[in-house]
Amino acid sequence: MADNSKIRIALTKGRLEKNTVALFERAGFDVSELKSKGRRLILDIPGSGIDVVLAKAADVITYVEHGVCDMGVVGKDTIEEHQGSYFEVCDLGFGACRFALAGKKGEDFYAGVGIKTVATKYPNVTRRFFEGKGMDVDIVKIEGSVELAPLLGLSHGIVDIVETGTTLKENGLEVYEDVLPISARIIVNPVSMKLKKAAIERLVEKAEKHKGEID
Ligand code: PRP
């Protein structure tokens, strides 16, 4: 377990980190260390009893599941792909985007009888989406720039994150169907939830109160 006298929260590095730091600032915390962190990965919010850990999205979940971090801020995309044993306690609203099925503009993904191939960084999300339709597909795992797969003829479609839609548009692709909305969530380790209930609830209340102020 993490240090019992403190709350340790893992933040997803990058854009969600910036939004979460802005949220902490709105909630009245001293975010000076977080703003001038250099290359440090564990930071203090002075006077708050909160330590902040900066990690990659999937690792935020790993640290929370193992109880070495009490809480985490992570996108619903990562939660859906790496389901596990933790509580999801708050939708922070920011980091909003969606999973969508997309492919070459003007093509009908569902046309024809053969099994379709779908490229994605999110094979579990993709599998569940097509299982829900009772449709058998071949899923190919791609590590990034998934949009390349239909353009190169590897797949009939992709399941990927769409935010502004610019990447699809600039590559001659379009959304065929929305799969799932995404935004940043707070997750909590179940044991921490018992042992540090009051402190965790106070922090979640502050987040709920100020989340609407973050864009
Ligand atoms: C994400 C996603 C799309 C793009 C969507 O990629 O995989 O490629 O952003 O954003 P848009 O709709 O605003 O254009 P990311 O930037 O994470 O890079 P990656 O695909 O290489 O992981």
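Quick check on Ser145: is it away from the ligand (no atom under 14 Å from the Cβ) and polar (S, T, N, Q)? Spelling it out, it is not the case that Ser145 is away from the ligand (no atom under 14 Å from the Cβ) and polar (S, T, N, Q). Out of Ile200, Ile186, Ile161, report the one residue that is open to solvent by less than 60 Å² (accessible area, probe 1.4 Å), within 14 Å of the ligand (Cβ to nearest atom) and in contact (Cβ under 8 Å) with a residue 12 or more places away in the chain. After ruling out the rest, the residue left standing is Ile161.
Quick one: is Gly132 within 20 Å of Gln83 (Cα to Cα) and assigned by TED's automatic domain parsing to the domain that holds Gly103? Taking the combined requirement at face value, the residue satisfies it. Criterion applied to Ile139, Ile79 was being touching a Phe, Trp or Tyr at 6+ places or on another chain (Cβ under 9 Å), at pLDDT 95 or above and in a strand (DSSP E or B), and the one residue passing it is Ile139. Counting only strands (runs of 3 or more DSSP E) that fall entirely inside the stretch 1-70 and contain at least 1 residues that are surrounded by fewer than 20 Cβ atoms within 10 Å (Cβ to Cβ), the qualifying elements are 42-45, 50-55. Here Lys169, Lys194 are screened, and the one residue that is exposed (fewer than 15 other Cβ atoms within 10 Å of the Cβ) and within 15 Å of the ligand (Cβ to nearest atom) is Lys169. Screening the stretch 139-150 for residues that are surrounded by 15 or more Cβ atoms within 10 Å (Cβ to Cβ) and of a type in the set (A, V, I, L, M) and picking the one that is farthest from Tyr110 (Cα to Cα) gives Ile142.
The values are calculated or read from the model by the stated rules, or taken from the named source; none is laboratory data. If you're wondering where the values come from, they're calculated on a predicted model, not measured in any experiment. Glycine also receives a Cβ, built like all others from the backbone with ideal geometry; neighbour counts cover every protein chain displayed. Remember, those area values only see protein heavy atoms, side chains included, never the ligands or the DNA or RNA. Shrake-Rupley method; radii C 1.70, N 1.55, O 1.52, S 1.80 Å.
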